[in-house]
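Everything below concerns the one structure shown next.
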Amino acid sequence: MATGCLKCLYTGRVSRLYTFVCVLLLTAVYIPDSNTATAEGNSSDPMADSLQENRVHWAPLSPKVTGELLKLPMKRTGSLRGDSAAGIDSLLDAIVEAMPIDKQVGQMIMAQIGSESTPSDVREKGLGALLHTAGNEIGVTNEPKTWRKVADRFYREARLSVANVKVGDRRMTIKIGAPWAIDGNHGHAIISTATIFPHMIGMSAANDPKLTETVGRITGQEMSRTGIDWVFAPMLAVTQDEANRWGRVYETFGQDPNRVANHSQAFIKGVQGSPLVPDAFLNGSGGRILATAKHWIGEGETDRGEDQGNALISEQRLHDVHARGFYGALNAGALSVMVGFNEWMSHHLTSHKYLVT
């Protein structure tokens, strides 16, 4: 068994700004042992087995159902394809070293777009990323073309933030972008003409990972056409509160860890493309964007089902049940992981060195 090495995970809130370090280096990928991987439909959950035997299929999905959004061009992005992992590490180190300290701090900040940041803030402060959340207005209608115009303004300003670096005998000027992230568990729901899918509990009930992959693909394509680079999905909590008191069950793929792992892989593959196909993986012209495995870890079994509560469970259970979806996500090539606001054994995950480094 090889395990995924997560480097520098942190999520917190400072002065209403989100700070983050995105995991972009995975030194190994988790490969389940034969005795831990379970085929869909062979879980210990009789309800899950019944769903597998009586599989429910939605109507066939096609890019045609997305209408207006697919008329817009894909957002074009740069690439480091072809560089070795060591070469990319050296390049990233050189970029950070070339930045003044205020821009290094700026790169640690994910600011709310609209209410907390303007296009000029991205350039002047070197903001690392942008975030849109429900209820936050950006001053335009929710039509695709207006969102794309906003994204392009921020993108142009971010590209004015540069670093002149040298790695070995290689000199270059790096234009540093600021990715725009948004939630999208069941489609690009903020946009008026986007395709809205069932919540993840519905995808899990259909029990068709290929269909879940299609949902991820269409979600990524529609987001790309409005200038979004990064989706905060899928949600990989494994809900275990027997009294069903946790109010976010509908956001999850359910209670079976193996099913969560299978659907997490499918969704992420749909959003990002397969890392086994380098020309398609994170190919901006193909509508591939960053996916996020969230929220690390244990929020599906908190005491009394409290949201962002305290998971009073053993480390073995944390590994066997609640980490399974994240292993699936890393196996699919997930390039970011969001740490949860919950606690494990009364220790907040956002400051839990053992679990996040």
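Yes or no: region 258-274 includes at least one residue that is touching a Gly at 6+ places or on another chain (Cβ under 9 Å) and part of a loop (DSSP other than H, G, I, E, B). Scanning region 258-274, I find at least one residue that is touching a Gly at 6+ places or on another chain (Cβ under 9 Å) and part of a loop (DSSP other than H, G, I, E, B), so the answer is yes. Just checking, does region 244-253 include any residue being buried (at least 24 other Cβ atoms within 10 Å of the Cβ) and closer than 20 Å to ALA206 by Cβ? Yes, region 244-253 contains at least one residue that is buried (at least 24 other Cβ atoms within 10 Å of the Cβ) and closer than 20 Å to ALA206 by Cβ.
Among the listed residues ILE190, ILE201, identify the single one that is part of a loop (DSSP other than H, G, I, E, B), surrounded by fewer than 24 Cβ atoms within 10 Å (Cβ to Cβ), assigned by the TED database to the domain that holds GLY325 and of a type in the set (A, V, I, L, M, F, W, C). That would be ILE190, the only listed residue that is part of a loop (DSSP other than H, G, I, E, B), surrounded by fewer than 24 Cβ atoms within 10 Å (Cβ to Cβ), assigned by the TED database to the domain that holds GLY325 and of a type in the set (A, V, I, L, M, F, W, C).
Please work out if GLY216 is under 18 Å from the mean Cα position of the chain (by Cα) and on the phi > 0 side of the Ramachandran plot. Judged against the criteria, GLY216 is not a match. Selection of region 148-178 for residues being in a loop (DSSP other than H, G, I, E, B), out of contact with any Phe, Trp or Tyr (no Cβ under 9 Å at 6 or more places or on another chain) and surrounded by 13 or more Cβ atoms within 10 Å (Cβ to Cβ) yields ARG159, LEU160, SER161, ILE176.
Taking each residue of region 93-113 that is at negative phi and looking for partners that are assigned to a helix (DSSP H, G or I) and of a type in the set (A, V, I, L, M) with beta-carbon atoms closer than 7 Å, six or more apart or interchain, yields GLN104/VAL96. Residues of region 186-209 that are more than 19 Å from the chain's Cα centre (by Cα) and within 24 Å of PRO257 (Cα to Cα): GLY202, ALA205, ALA206, ASN207, ASP208. For the residues LEU290, LEU318, LEU276, the requirement of being in the same structural domain as TRP246 (by the TED database) and touching a Pro at 6+ places or on another chain (Cβ under 8 Å) singles out LEU290.
Table: residues versus (1) open to solvent by 20 Å² or more (accessible area, probe 1.4 Å); (2) not in a helix (DSSP H, G or I).
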| residue | (1), (2) |
| --- | --- |
| LEU282 | yes, yes |
| HIS295 | yes, yes |
| LEU318 | no, no |
| LEU330 | no, no |
| THR350 | yes, no |
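The values are calculated or read from the model by the stated rules, or taken from the named source; none is laboratory data. Note that the coordinates shown come from a computational prediction; the quantities given were computed from them, not determined experimentally. Positions of Cβ are backbone-derived with ideal geometry, glycine not excepted, and every protein chain shown enters the neighbour counts. What goes into the accessible areas is simple: the full protein's heavy atoms, side chains included, and nothing from ligands, DNA or RNA. Shrake-Rupley method; radii C 1.70, N 1.55, O 1.52, S 1.80 Å.
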